[in-house]
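The values are calculated or read from the model by the stated rules, or taken from the named source; none is laboratory data. From a predicted model like this one, the values you see are computed outputs, not experimental measurements. A quick note on method: Cβ atoms are made from the backbone with ideal geometry, for glycine too, and the neighbour counts reach across all protein chains shown.
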Amino acid sequence: MLFSKYKTVIDLGSRYLKSVKAKQLDTLKYQVDAYNLVEAPQEQLFSTDPSETVEIPKNFGRAFSQLVQDSGCGKDNVFLLFPDYAFLANMAAIPNKAVDEEKHELVKQEIGSLLPPDSDSELWCKEKRNIGDLHANSLVLIAAILRANILSVGTEVQNRGPNPIYVDMGLFNAINVFHDYLIMSENLEKNIGILNFGHKASSLAIFKQGKLTTIHTRTIGSDASMLVGGKAFTEKIQEHFKLGEDEAEDYKKNEVFFLPEFVPEQDKIANYQVIKPVFGELVRGVFTITEHYVARFREFKVDEVILTGGGANFSNIDIVLGGHLNTQVKQGADIVSIVDKDMNELSADEKNILTPAIGAFCRN
């Protein structure tokens, strides 16, 4: 993909609409020349149910127009990132010994199992891509998004100035930011997960030898659940402390929920008890996916998980999550250097929020 075709990435997150201009300077080092954030409408913007009519919230246009004005992207060609939960995605492991006709049929079956029952295949934009070989299998990435999502949202964006020329999901581009880390010699034999901890929902990808082996956005087998996102934590805080959303977000940032060590005293933190049911859902969801991976590929364990996305801006959640998963959880913001146009390092919060959009400038 030629970078000259777009200068701006617009990330339609469920917490913020983001406009970003960035580039890679060196291995695991990036520069953000400019970025703008606007509060995203809280109404549902995307659907994976073909029986639902995709409706653009009335206040989306106003918020997006504000982003265009603030960023000055005007009539620019732009790369649009949609939230991970707008997509259905899975990995197929196709035996290398299968003949071409068998491989084609196996991939076709995987695509069929990914879509809702009795869904018209023509309603979906589908893509499959060969990732490489692992354990005598060809790894094939399969992703699908309702055509109505692209047409309705893309038209709304285009009507307000920018010209969307590419559409993709956030997780795939967040992965690009950490690619050099995944292929370091000391990491090639590790099983490494990347958890894109979003606002509405989270997604997880697992790598071996730098190759994508497992992905979970909304589905794993027949389970149509989503990993919880940061919003679920905020809602618990709102409900318990009778706070507005912005107040609850501030409370998350400024008060202690997770201790800097994984110790029994964690259970004595009153704030932790408020969000413990939601945190438990996150732990169980990630554990289920990692165990599915270990069983499928006959691996011993997932060695580490990289935590990124706006939901990762929750002090020490990586430490307690890693303790419950019995693996190392690393903050993605600690792995990469991201600087502004004056070469000042961005805060961890900024890095986590901007990572998927930055990754869209690292494609080849």
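Contact map, region 147-161: first residue touching a residue at least 60 places away in the same chain (Cβ under 8 Å) and of a type in the set (S, T, N, Q), second residue crowded, with 17+ Cβ neighbours inside 10 Å and part of a helix (DSSP H, G or I), Cβ cut-off under 8 Å, separation 6 or more or different chains; pairs are Asn149/Ala86. Going through (1) more than 19 Å from the chain's Cα centre (by Cα); (2) at negative phi one by one, Val302 falls short only on (1).
The one condition from (1) without any contact (Cβ under 8 Å) to a residue 12 or more places away in the chain; (2) touching a strand residue (DSSP E or B) at 6+ places or on another chain (Cβ under 9 Å) that Leu141 does not meet is (1). Among the residues here, Phe60 qualifies as under 24 Å from Arg147 (Cβ atoms), assigned to a helix (DSSP H, G or I) and modelled with pLDDT under 95. Restricting Gln273, Gln209, Gln238 to those that are at pLDDT below 95 and either surrounded by fewer than 18 Cβ atoms within 10 Å (Cβ to Cβ) or not basic (Lys, Arg) (or both) reduces the list to Gln209. Can you spot a residue in region 71-82 that is in a helix (DSSP H, G or I), touching a residue at least 12 places away in the same chain (Cβ under 8 Å), within 18 Å of Gly161 (Cα to Cα) and not acidic (Asp, Glu)? Among the residues of region 71-82, at least one is in a helix (DSSP H, G or I), touching a residue at least 12 places away in the same chain (Cβ under 8 Å), within 18 Å of Gly161 (Cα to Cα) and not acidic (Asp, Glu), which makes the answer yes. The strands (runs of 3 or more DSSP E) found wholly in region 161-250 and carrying at least 2 residues that are among the β-branched types (Val, Ile, Thr) occupy 163-169, 191-197, 211-216.
Here the helices (runs of 4 or more DSSP H) wholly within region 285-364 that include at least 3 residues being closer than 26 Å to Ala232 by Cα and in contact with an Asp or Glu (Cβ under 9 Å, 6 or more places away or on another chain) are 317-325, 348-359.
Only residues that are in a loop (DSSP other than H, G, I, E, B) and either touching a helix residue (DSSP H, G or I) at 6+ places or on another chain (Cβ under 8 Å) or under 30 Å from Pro117 (Cβ atoms) (or both) were counted in region 1-41, giving 7.
Residue-by-condition table, conditions (1) more than 17 Å from the chain's Cα centre (by Cα); (2) farther than 21 Å from Ser19 by Cα; (3) without any contact (Cβ under 8 Å) to a residue 60 or more places away in the chain; (4) buried (at least 17 other Cβ atoms within 10 Å of the Cβ):
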{"residue": "Phe279", "(1), (2), (3), (4)": "yes, yes, yes, yes"}
{"residue": "Arg296", "(1), (2), (3), (4)": "yes, yes, no, no"}
{"residue": "Gly310", "(1), (2), (3), (4)": "no, no, no, yes"}
{"residue": "Asn344", "(1), (2), (3), (4)": "yes, no, yes, no"}
{"residue": "Lys351", "(1), (2), (3), (4)": "no, no, yes, yes"}
{"residue": "Cys362", "(1), (2), (3), (4)": "no, no, no, yes"}
